[in-house]
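Visitor: Please read through the structure below; I'll follow up with questions.
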Amino acid sequence: MIETQNLTHIYMQGGPFEQVALRQINVKIPENKMVGIIGHTGSGKSTFIQHLNGLLKPHHGRILLDGEEIPKSGAGLKALRFSVGLVFQYPEHQLFEETVYRDIAFGPSNMKLSREEVDERVRRAAKLTGIGEELFDRSPFELSGGQKRRVAIAGILAMEPQVLILDEPTAGLDPIGRDEILNNIVAIQKERKNTVLLVSHSMEDVARTCDEVLVFNHGTLFASGTVDEVFARSEELNEIGLSVPQAAKIADGLRKAGIALPQNLYTVDALCDALLPLLSQGGVCHD
Amino acid sequence: MIKDITLGQYFPGNSLLHRLDPRCKLILVVLYMVFLFVTKNPWVYLGLGVLLTLFVLVSKIPVGFFLKGLKPVAFLIAFTAVFNLFFGSANAAHVYFSWGIIRITDAGIRQALLMAVRILLLVSATSLLTFTTTPILLTDALERLLSPLKKLGVPVYEFAMMMTIALRFIPTLIEEVDKIIKAQAARGADFDSGSLLQRAKSFVPVLVPLFISAFRRADDLATAMESRCYHGGEGRTRLRELRYAKRDIFAFLLFALIGIGLILLLV
């Protein structure tokens, strides 16, 4: 379990551009859950996740992984990066090897595993992300955008981290590529039963895939809880300029129009399931 | 990390130094460099040091911030000083220490101090220029000052444009390097252990993505400029024309006086 206590981070401390990026973040992230992180650009989401694998150091406060403070340097820090895997935004920009196989193998090779173990992990990660073995000998730079991104994600997955963090894994992809990646991530979480943190701008994606949500606003933790708990506060979310999923907006509107609908309708599927029986009964909304 | 480098950065402000015409500042810095190299008289160096300190105070840049910006060149200064200390021993009157080809002499010590002070003042003066002048103004100034060369067929405007673009992309590329280093560190890349060769090799995962992204950006920029029908120099007007003000004339006069003083001293 990841826990932060009074986590505070300040950019360019002492300079003319000093900026508090994170202010007193106290949060407990449960195990084996899919956790969404939402907030505006500059709300501190990216800064927050970079603390969890020790890329950034807090100016105040502590970060605990399974009850122990995370190491700040040396071999411990390296080991931390293998157990907390972080996939950056546009991860395909980090590809550098001559072949897909070698790029995926970069992470596990740095773990000083045996060659067989590295090979197994590369194949498992490729399978999880839907990369066929026929691509292994291709140059990663010849692939399509969606394929490149999957290779990059496989590069982190191959380290088989205990916690997987993805920073907007679907940014800049077309709708089909986006759905494929999201479905991959959900399947990976189901199969490996690890904790997955998903930073996203899309409320739809968070509602559809996550169990819990953290909401960041201006460097503070604005809300946290289950998807139901957080999206039930739709008015507050609107006030800070974040929306709720479109399905929830429609459900809200219908409720205001006097149609009795259950709570917790945040996904298109759930809304459909609630509306279809009403339609077939006929005559619910006759003006 | 790498983002903390402040050398060459602009420090926003509205001091007298910020408001000086960039052409004036550029000429003054060049003059200052000339002053630094025409003499070996320690009193002149003291004077030039005091002058620079005054300018820093006028610029209202926090002294700590200013000194932090000099940190990256500390190694260069130390290296030059040590090199001169050991080998700059022509015309030595006293030899204090001698071992093989290494000799520490009074002339060497003097030379070492001189070079250290020269580099320190040189770097301070140029970084004061970049701290108080935006890159855009700086290239404007350079273009205007070099414009007589256009008559000789030198593509001054294109050079200025290249410089503007290069300066514009320094922070972008620094950010990019920072991001790539982090991304590779997240995959367990190790940049600071092992032999020199191993360390050099460890930067391949950073350099390859960096070059790819630099080329991609260059390509995008070229397309963007082209699609807006960009074409250079001839007939282009400016939103802000550079004009000399009284304060610039005063600054020139001050430096002219110092120059005359130096010439008198040398003769």
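The values are calculated or read from the model by the stated rules, or taken from the named source; none is laboratory data. All of these numbers come straight from a predicted model, not from anything done at the bench. All Cβ positions, even for glycine, are placed from backbone atoms using ideal geometry, and neighbour counts span all protein chains on display.
Visitor: If you go through segment A:219-237 one residue at a time, how many are loosely packed, with under 15 Cβ neighbours inside 10 Å and farther than 17 Å from A:Met34 by Cβ?
Guide: Qualifying residue count, segment A:219-237: 2.
Residue-by-condition table, conditions (1) touching a residue at least 40 places away in the same chain (Cβ under 8 Å); (2) assigned to a helix (DSSP H, G or I); (3) among the acidic types (Asp, Glu); (4) more than 27 Å from B:Glu176 (Cβ to Cβ):
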{"residue": "A:Arg62", "(1), (2), (3), (4)": "yes, no, no, yes"}
{"residue": "A:Leu77", "(1), (2), (3), (4)": "no, yes, no, no"}
{"residue": "A:Gly85", "(1), (2), (3), (4)": "yes, no, no, no"}
{"residue": "A:Ala105", "(1), (2), (3), (4)": "yes, yes, no, no"}
{"residue": "A:Pro108", "(1), (2), (3), (4)": "yes, yes, no, no"}
{"residue": "A:Asp137", "(1), (2), (3), (4)": "no, no, yes, yes"}
{"residue": "A:Ile153", "(1), (2), (3), (4)": "yes, yes, no, no"}
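Visitor: Let me ask another. Which of the numbered conditions does A:Phe17 fail, given that it passes all the others? Conditions: (1) of a type in the set (A, V, I, L, M, F, W, C); (2) in a loop (DSSP other than H, G, I, E, B); (3) within 23 Å of the chain's Cα centre (by Cα).
Guide: (3)
Visitor: Also, quick follow-up: Given segment A:174-273, what helices (runs of 4 or more DSSP H) lie entirely inside it while holding 3 or more residues that are touching a residue at least 40 places away in the same chain (Cβ under 8 Å)? Reasoning before the result, please.
Guide: On the way: elements: A:175-192, A:203-209, A:227-231, A:234-239, A:246-256.
The qualifying helices (runs of 4 or more DSSP H) are A:175-192, A:203-209, A:246-256.
Visitor: To continue, here is another question. Quick check on segment A:13-20. Is at least one of its residues among the small types (Gly, Ala, Ser), touching a helix residue (DSSP H, G or I) at 6+ places or on another chain (Cβ under 9 Å) and within 14 Å of chain B (Cβ to nearest Cβ)?
Guide: Residues of segment A:13-20 among the small types (Gly, Ala, Ser): A:14-15.
Narrowing the set further to residues that are touching a helix residue (DSSP H, G or I) at 6+ places or on another chain (Cβ under 9 Å) leaves A:14-15.
Next, only the ones that are within 14 Å of chain B (Cβ to nearest Cβ) stay: A:14-15.
Scanning segment A:13-20, I find at least one residue that is among the small types (Gly, Ala, Ser), touching a helix residue (DSSP H, G or I) at 6+ places or on another chain (Cβ under 9 Å) and within 14 Å of chain B (Cβ to nearest Cβ), so the answer is yes.
Visitor: Please tell me if A:Glu160 is at pLDDT 90 or above, more than 21 Å from A:Asn26 (Cβ to Cβ) and not in a strand (DSSP E or B).
Guide: Taking the combined requirement at face value, the residue satisfies it.
Visitor: For segment A:86-106, which residues satisfy the criterion of being facing chain B (nearest Cβ under 7 Å) and touching a strand residue (DSSP E or B) at 6+ places or on another chain (Cβ under 8 Å)?
Guide: The answer is A:Leu86, A:Phe88.
Visitor: Inside segment B:54-72, can you point out the residues that are of a type outside the set (D, E, K, R), farther than 11 Å from B:Phe131 by Cβ and within 14 Å of chain A (Cβ to nearest Cβ)?
Guide: B:Val63, B:Gly64, B:Leu67
Visitor: For the list (1) at pLDDT below 90; (2) within 14 Å of another protein chain (Cβ to nearest Cβ); (3) surrounded by 12 or more Cβ atoms within 10 Å (Cβ to Cβ), I need the number of the one condition that B:Met1 fails.
Guide: (3)
Visitor: Right, here's the next one. From the list B:Leu253, B:Leu196, pick out the single residue that is assigned by TED's automatic domain parsing to the domain that holds B:Tyr10 and loosely packed, with under 12 Cβ neighbours inside 10 Å. Can you show your working first?
Guide: On the way: B:Leu196 fails: assigned by TED's automatic domain parsing to the domain that holds B:Tyr10.
The match here is B:Leu253.
Visitor: Sticking with this structure for a sec: Would you tally the residues in segment B:161-191 being surrounded by 17 or more Cβ atoms within 10 Å (Cβ to Cβ), free of Cβ contacts under 8 Å to residues at least 60 places away in the same chain, within 12 Å of another protein chain (Cβ to nearest Cβ) and of a type in the set (A, V, I, L, M, F, W, C)? Let's see the steps before the verdict.
Guide: Residues of segment B:161-191 surrounded by 17 or more Cβ atoms within 10 Å (Cβ to Cβ): B:161, B:164, B:167, B:176-177, B:179-189.
Among the residues that remain, those that are also free of Cβ contacts under 8 Å to residues at least 60 places away in the same chain are: B:164, B:167, B:176, B:179-180, B:182-189.
Now narrow it down to the ones that are within 12 Å of another protein chain (Cβ to nearest Cβ): B:176, B:179-180, B:182-189.
After this cut, where a residue has to be of a type in the set (A, V, I, L, M, F, W, C) as well, the list is B:180, B:183, B:185-186, B:189.
Residues that pass the stated criteria total 5.
Visitor: Follow-up question, since we're still on this one. Which residues, taken from segment A:119-135, are free of Cβ contacts under 8 Å to residues at least 24 places away in the same chain and either surrounded by 15 or more Cβ atoms within 10 Å (Cβ to Cβ) or charged (D, E, K, R) (or both)?
Guide: To start, the set of residues in segment A:119-135 that are free of Cβ contacts under 8 Å to residues at least 24 places away in the same chain comprises A:119-120, A:123, A:127, A:132-134.
Answer for segment A:119-135, where residues must be free of Cβ contacts under 8 Å to residues at least 24 places away in the same chain and either surrounded by 15 or more Cβ atoms within 10 Å (Cβ to Cβ) or charged (D, E, K, R) (or both): A:Asp119, A:Glu120, A:Arg123, A:Lys127, A:Glu133, A:Glu134.
Visitor: Filter segment A:112-135 for residues that are more than 13 Å from A:Leu157 (Cα to Cα) and part of a loop (DSSP other than H, G, I, E, B); which is nearest to the other protein chains (Cβ to nearest Cβ)?
Guide: Across segment A:112-135, the extreme among qualifying residues is A:Lys112.
Visitor: Can you tell me which condition B:Leu242 does not meet? The list is (1) among the aliphatic types (A, V, I, L, M); (2) modelled with pLDDT of 90 or more; (3) not in a helix (DSSP H, G or I), and all the others hold.
Guide: With (1) among the aliphatic types (A, V, I, L, M); (2) modelled with pLDDT of 90 or more; (3) not in a helix (DSSP H, G or I) applied to B:Leu242, the lone miss is (2).
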